[in-house]
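Just so it is clear, none of the values below were taken in a lab; they were calculated from the coordinates. For clarity, every value in this text was computed on a predicted model and none was experimentally measured. Every residue, glycine as well, gets a Cβ built from its backbone with ideal geometry; the counts of neighbours run over all protein chains shown.
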Amino acid sequence: MSFILDKVSHRYSQGTAYEITALDNVNLKINDGEFIGIIGHTGSGKSTLVQHLNGLLKATEGAIYYNGQDIYDKDYDLRDLRTQVGMVFQYPEHQLFEETVFADVCFGPKNQGLPEKDCTLRAFEALRSVGLPEKYYYASPFELSGGQKRRAAIAGVLAMKPAVLILDEPTAGLDPKGRDEILDLIAETHAHYGNTVILVSHSMEDVAKYVDRIIVMNQGSVMLDGAPRDVFHHYKELEEIGLAAPQVTYLMHEMREAGMDVSTEPTTVDEAKDAILRMLGRK
Amino acid sequence: MGIVEAKNLVHEYITRDEEGNVEGIQVALDHLDLSVKPGQFIAVLGHNGSGKSTFAKHINALLTPTEGTLIVDGLDVSDENHVYDIRQRAGMVFQNPDNQIIASVVQEDVGFGPENLGVPTEQIWERVEQSLKSVGMWKYREHSPNKLSGGQKQRVAIAGVMAMEPKCIILDEPTAMLDPDGRKEVLHAVHKLNKEKGVTIILITHYMEEVVDADYVYVMDQGKVVMEGNPRGIFSQVDALQEHRLDVPQITALAHELKNSGLPIPDGILTRQELIEALAKIK
Amino acid sequence: MLRDITLGQYYPADSVIHKLDPRTKLFGTLLFIISVFSFDGLLGFGVITLFMFGIIYLSKVPLSFMVRGLRAIVILLLIAGALNLFLTPGQPLITLWKIVITKEGVRNASLMTVRMIYLIMGTSVMTLTTTPNQLTDGLEKSLRPLSKIHVPVHEIAMMMSIALRFIPILIEETDKIMKAQMARGADFESGGLIKKAKNMVPLLVPLFVSAFRRANDLALAMEARCYVGGDGRTKMKPLVYEKRDVGAYAVVIVYFVIVVLVKSLL
């Protein structure tokens, strides 16, 4: 059990005429080692929600427990929490600042107070795991291409070895191949370290392929929470709030309506392929 | 004669060291041939770094060819005397919605282009009204751009170009930084301009879903046109697209996988309906 | 965090003051400031008070909104007031141990405080009723004669309006980068001055890089829309004086003459 959110609400500009409720009474339990996708519109509260998990935003009401401890307790060290809960922001390449990629990746571990040698080892490990070619390690981060910068920035967070890794729209602006590469890389680190990964996205199709659990946010509340196939079962409700289920989910339902004897559960291309082949008796 | 005619277009970025000696030459456009007829909706696909943005900047005379010719509406972009005529006739919308809006009020931003062209005041107001209405942003005319969503900002940028009364609009990855709703809004607006006002559209993108309704598609890689044809023809070549770091819509990918598994399914399936019909025939 | 800061605020309302030409308001504010620093005596005070509150009433901006602008300078007012009160030499009024308050001190302190408050309120009438763009347009046109001596008036005005457009964007960006670095364990709060300055590097470098990237993008976007500088441009909202502006000029000048007369009569 790593996170428990108990009746968490967040209101911006509280008590003024401009008050906005970004989170409204959110109750959640996040377990160790889960791979979670958080989906919602711009303004659904998904980014606000994850910024609570490492204490960058403080709930205006409610409590958050990490490993059983109340993070709003006055003795609780929020900087320590931030080293355990890593956060990759949208367009993380915009936060690069050091003279070399390597030095930038070392920034996090150094802030954790690790000795020089450990920082170096961590940086090497992180850079290798994001698949950045070695010739760029000592180049200026500003000389890299967009996709490489993104990798370097993600390495900067991985080097802190966070027990929980949060990524806010990590594939924004990347081309299809670049998007797949980054998502594969995240899935690999999850498989390798068994850490908790929370992926914030507005693409159902990206998320369905990777995560075990989807949380759908709408207007600051949790609307749906469960395994992808259970969540996409509610594809009509999702459509009402302007979020579409993956195309294959629609396809399976429409095939069913057309009188074909096929499962409506598939959410990815591979699952759909298997289901159709099974229906036709080819498998 | 097309509205945009590229023949053997070459563009090289030359990097020099401090003494002015050539350090490296990067070929961004490599003998590109391309032709766009007036009133067409053209999509140019390519991964990040394929040279598609460099090409876009040539059509607007922001860059000039190193070799070869590019004719825009009968004017040669290499001829310095025509630069402003070309920019007026072939307007450009960029990727980042924030970095292309100049004024702090929507309608004043739309008026910026006509002001530069020396259009009389009265006509500026007419043009601003017409172009804001054509993208559905008229009721936001008094708003500050900072309060708008990404999709709305991009529509303001499109209105800003429309107010210059261009024959052709080039959109350089206009949706890369938007959420799914914003993407839909922008595409809808662009298609409407194409159909109702007959404006030639050149849409540069790496999102495959956006090119389904285009009249003709060019795929670029390493500064060359590597594939061209109507969307159906392009989408039937799934493997080739993947080689160029692109993918296909989920339904097309599924149809392709099923075909590879031995099912008699035709190439280039674009919609769920088409796939269901093809599957129904198998039984 | 930083999003609470509001800069260049404008209070939208439909009033005579809002409709005035920005040049009229610039001129009026200038004369008002001069009058605030030159008035004398209770009668003079009465005249400027009447004038200012009259204008505020006409502007339809709630008084509470004006007062809010004063909160930021309360400390400054108190310090300036105290310095004047205690340090002005002259005829002693009250003596408390070593502290001597003089008659001149009381006079100077109250005059000073009134002047500061009226200065802030007077100029905020202008900024609250004029959009930043109108203000730069007004400045551009008022300063137009300077372009004859090669002062780039148009360019300066353009820079001002672009700066106004990008301030909120850059504030938001600062907020974002700050959070991102804090998530990597950066500390912007503790430590001495030098350590604090050093800790700002991870914030300032990305911010500068981003500002330059935006500037570059914007320059390209302006060029793509045929921008070549001030020559040959037309205006979407050309500044034209209306009858009410003539009236306003007359009112302001009459007001100013009265303040001067009151001063010389006393």
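Things worth noting here:
- Of all residues in region B:256-283 being more than 10 Å from chain A (Cβ to nearest Cβ) and under 30 Å from B:Lys52 (Cα atoms), the one that is surrounded by the most Cβ atoms within 10 Å (Cβ to Cβ): B:Ile269
- A:Gln148 being within 24 Å of the chain's Cα centre (by Cα), among the polar types (S, T, N, Q) and within 11 Å of chain C (Cβ to nearest Cβ): no
- Members of region B:2-61 found to be of a type in the set (Lys, Arg), in contact (Cβ under 8 Å) with a residue 24 or more places away in the chain and more than 30 Å from B:Ala189 (Cα to Cα), listed by number: B:Lys7
- Residues of region C:212-232 satisfying the condition of being within 17 Å of B:Arg87 (Cβ to Cβ), in contact (Cβ under 8 Å) with a residue 12 or more places away in the chain and not in a helix (DSSP H, G or I): C:Gly229
- Of the residues in region A:128-138, none is closer than 28 Å to C:Phe208 by Cα and within 13 Å of another protein chain (Cβ to nearest Cβ).
- Selection of region A:48-77 for residues being under 16 Å from C:Met182 (Cα atoms) and surrounded by 14 or more Cβ atoms within 10 Å (Cβ to Cβ) yields A:Thr48, A:Val50, A:Gln51, A:His52, A:Leu53, A:Asn54, A:Gly55, A:Leu56, A:Leu57.
- Residue in region C:189-211 that is nearest to the other protein chains (Cβ to nearest Cβ), counting only those that are farther than 15 Å from A:Glu93 by Cα and assigned to a helix (DSSP H, G or I): C:Val201
- Taking region B:258-273 as the range and being among the small types (Gly, Ala, Ser) and over 15 Å from B:Phe235 (Cβ atoms) as the test, the residues that pass are B:Ser261, B:Gly262.
- Residues that are within 17 Å of the chain's Cα centre (by Cα), under 17 Å from C:Leu20 (Cα atoms) and outside any helix (DSSP H, G or I), drawn from region C:49-72: C:Val61
- Within region C:152-188, the set of residues being more than 14 Å from chain A (Cβ to nearest Cβ), among the β-branched types (Val, Ile, Thr) and in contact with a helix residue (DSSP H, G or I) (Cβ under 9 Å, 6 or more places away or on another chain) comprises C:Val153, C:Ile156, C:Ile162, C:Ile171.
- Among the candidates C:Ser35, C:Ser59, residue that is of a type in the set (Gly, Ala, Ser), in contact with a His (Cβ under 9 Å, 6 or more places away or on another chain), surrounded by 17 or more Cβ atoms within 10 Å (Cβ to Cβ) and away from every other protein chain (no Cβ under 14 Å): C:Ser59
- Residue satisfying all of: in region C:222-250; basic (Lys, Arg) and facing chain B (nearest Cβ under 7 Å); nearest to the chain's Cα centre (by Cα) among these: C:Lys235
- Any chance B:Glu165 is over 30 Å from A:Ile39 (Cβ atoms) and in a loop (DSSP other than H, G, I, E, B): yes
- Residue match in region C:74-96 (condition: of a type in the set (Val, Ile, Thr), assigned to a helix (DSSP H, G or I) and within 29 Å of C:His18 (Cα to Cα)): yes
- Identity of the residue in region A:1-10, part of a strand (DSSP E or B) and aliphatic (A, V, I, L, M), that ends up surrounded by the fewest Cβ atoms within 10 Å (Cβ to Cβ): A:Ile4
- Within the option set B:Glu19, B:Glu5, B:Glu12, being part of a strand (DSSP E or B) and more than 17 Å from B:Gly74 (Cα to Cα) holds for one residue only, B:Glu12.
- Elements of type strands (runs of 3 or more DSSP E) contained in region A:11-107, each with 1 or more residues being away from chain C (no Cβ under 12 Å): A:20-30, A:35-39, A:61-66
- Residue list for region C:177-212, restricted to those being surrounded by 13 or more Cβ atoms within 10 Å (Cβ to Cβ) and not aliphatic (A, V, I, L, M): C:Lys179, C:Gln181, C:Arg184, C:Gly185, C:Asp187, C:Phe188, C:Lys196, C:Asn199, C:Pro202, C:Pro206, C:Ser210
- Filtered residue count, region B:244-255, keeping only those that are in a helix (DSSP H, G or I) and facing chain A (nearest Cβ under 7 Å): 4
- Residue count for region A:48-88 under the criterion of being in contact with a strand residue (DSSP E or B) (Cβ under 9 Å, 6 or more places away or on another chain) and under 20 Å from A:Gly156 (Cα atoms): the result is 12.
- All positions within region A:214-251 that are touching an Asp or Glu at 6+ places or on another chain (Cβ under 6 Å), assigned to a strand (DSSP E or B) and surrounded by 18 or more Cβ atoms within 10 Å (Cβ to Cβ): A:Ile215
- Residue check for B:Gly39: away from every other protein chain (no Cβ under 13 Å), of a type in the set (Gly, Ala, Ser) and touching a helix residue (DSSP H, G or I) at 6+ places or on another chain (Cβ under 8 Å): yes
- One residue stands out among those in region A:229-283 that are in contact with a Ser or Thr (Cβ under 9 Å, 6 or more places away or on another chain) and of a type in the set (Lys, Arg): the one that is farthest from the other protein chains (Cβ to nearest Cβ), which is A:Arg229.
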